[in-house]
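I have placed the structure first, in the form of structure tokens, so that the comments after it can refer back to it.
The values are calculated or read from the model by the stated rules, or taken from the named source; none is laboratory data. Values in this document were obtained by computation on a predicted structure and should not be read as measured data. Don't worry about glycine lacking a Cβ; one is built from the backbone with ideal geometry, like all the others, and counts go over all protein chains shown.
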Amino acid sequence: MSPPQILWVDDEIDLLRSHVLFLEDKDYDVKTVANGADAVDLVQQRPFDVVLLDEQMPGMEGLETLDHIKRERPEVPVVLVTKSEEEDLMEAALGNQISDYLTKPVNPSQILLTCKRLLEQSQIRQETLSQQYLQSFTQISQDLRRGLSLEEWEELYQKLVRYDLELTDDENARQIFQDQFEEANRAFGTFVEEHYPDWIARVDEPPGNDRPVLSHEVVPEFVLPETGDAPVVFFVVDCLRYDQWLTLAELLRPHYHVDTDFYMSILPTATPYSRNAIFSGLLPVDLVDRFPKAWETSEESEHSRNQYEEALLHHQLDQHHRGDLRVRYDKLITGEDGQQLARDAANLTQHDLSAVVVNFIDILAHSRSESDVLQELAPDEEAYRALTRTWFEHSWLYDMLRALANTNATVVLTTDHGAIRSLQSTRVIGDRETSTALRYKYGDNLKCDADDAIFVREPERFGLPSYGLNTTYLLAKEDYYFVYPTDFHHYEKLYRDTLQHGGASMEEMILPVATLRPKG
């Protein structure tokens, strides 16, 4: 086990060298800096278990440094070390979420005892969390066996994601959790297979407890109600999962009041289907009928079937009698695109509704599949979340959102689908005209193991277009990916543990819609 990581921030740190050596003799790894700015830089670069923070420093003072540290790492315990015992200072410090404070002069034993208490507190919290999960394990298993309602599925997914984020140090509990998460995804695939046709059959009814908001209803349900007195900026971040959103939301809470709702992606959970549905307000079967040009080109290209989003959005607004809105649309694919827009973020507020499509996380997911370096950097879910957060912390998108927090704009941020690590292969048989995606297929008379996929033999019941009398869709369940029998083992190995979308899993379908209202 690696030694605890301590960051000590004091403008007279050289005078505390004996204290530092004492902690190092007790097997602590102590990093020292002499000012707040350097401390914030270090906290951005690496995690610490405890921060010791001097209250009075030239330049960035202790409480200001504390505020910046908590923005970057809200979970890290901070001990304020101060010469003052004034009550209002202590109240201000406690209000900024310090874990403890010490009054100067301090001796090494005081520092050691404080660090041990905070570190053991963290360990106790992990043990308590593990016990809570193990106690809830049986109830979750029983709930899965009896069957869950739509609302219960959303609640269970949120609970499982929270455990996924917090169960980090107990390997035994984590293995049990991962097995149960897989069990839940199996049951979720069956739930979707049974209920999805009914959801599509009832799209003329308002969403409710037994029918979710679907992709094509995101704009009328979450965006249009916000338009009116203040500008609305609508971000669609391609391929953002709920667990990733939670890590980003931590960084945004100092700037915004954050309310998170959920909707269900349509099937297949792939950009040509789900994002076109968001912007058009139409299911794929209706989109093909009304806008055939949007469906004539190959679905494999980002710049083909999704090139009409701006026109589709205007059409949807007209359908809801909101064609009077002043609308702006931007699709940001490269970092340069984003940086250019971020420099002019205030211009977004000159429109009633600005829609911004952000492609980077989808690019990151596909790049991980193709890059040995990225697979090394993000070998599992926890690391993939951390990589996403690291990008966001230093991104033009974070800069833009902070700039918008200083305006009167309301931000609605969502995604078109999630992604899942594809760890199980299943053989699929189809002809040369079969589509090439790994988590969904369509073509004539497709075949695969019936337990591994949802078979859609009547596409219209799933709101999908047909291309002939025998058009069949296959939608992968759990974490399966499709591989043809020809050279099976080569492609099975090639695509194993890649991030894919298109199928029916909680990660791909249960999606966050966040409404952000500036605190200023």
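Of all residues in segment 203-232, none that is over 16 Å from Leu516 (Cα atoms) and without any contact (Cβ under 8 Å) to a residue 24 or more places away in the chain has its Cβ atom under 6 Å from the Cβ atom of a residue that is among the β-branched types (Val, Ile, Thr) and surrounded by fewer than 17 Cβ atoms within 10 Å (Cβ to Cβ), 6 or more apart or on another chain. Applying the condition of being under 27 Å from the mean Cα position of the chain (by Cα) and farther than 18 Å from Tyr196 by Cβ to segment 433-467 and asking which residue is surrounded by the fewest Cβ atoms within 10 Å (Cβ to Cβ) yields Thr436. Residues of segment 228-246 that are in contact with a Leu (Cβ under 9 Å, 6 or more places away or on another chain), over 25 Å from Leu287 (Cα atoms) and not aliphatic (A, V, I, L, M): Pro231, Arg241, Tyr242, Asp243, Trp245.
With respect to Tyr384, determine if the residue is touching a residue at least 12 places away in the same chain (Cβ under 8 Å) and farther than 26 Å from Gln307 by Cβ. Spelling it out, Tyr384 is indeed touching a residue at least 12 places away in the same chain (Cβ under 8 Å) and farther than 26 Å from Gln307 by Cβ. In segment 432-444, the residue that is farthest from Ala378 (Cα to Cα) out of those that are out of contact with any strand residue (DSSP E or B) (no Cβ under 6 Å at 6 or more places or on another chain) and touching a residue at least 12 places away in the same chain (Cβ under 8 Å) is Asp444. Meeting the requirement of 2 or more residues that are among the basic types (Lys, Arg) and not assigned by TED's automatic domain parsing to the domain that holds His489, the strands (runs of 3 or more DSSP E) wholly within segment 324-439 are 327-332.
What tally of residues in segment 16-50 results from selecting those that are surrounded by fewer than 17 Cβ atoms within 10 Å (Cβ to Cβ) and either of a type in the set (Ser, Thr, Tyr) or under 21 Å from Leu113 (Cβ atoms) (or both)? Number satisfying all stated conditions: 9. Within segment 333-351, the residues that satisfy the criterion of being buried (at least 17 other Cβ atoms within 10 Å of the Cβ) and closer than 22 Å to Val219 by Cα are Ala345, Leu348, Thr349, His351. Checking the stated criteria, Val218 turns out to be buried (at least 21 other Cβ atoms within 10 Å of the Cβ), in a helix (DSSP H, G or I) and of a type in the set (Val, Ile, Thr).
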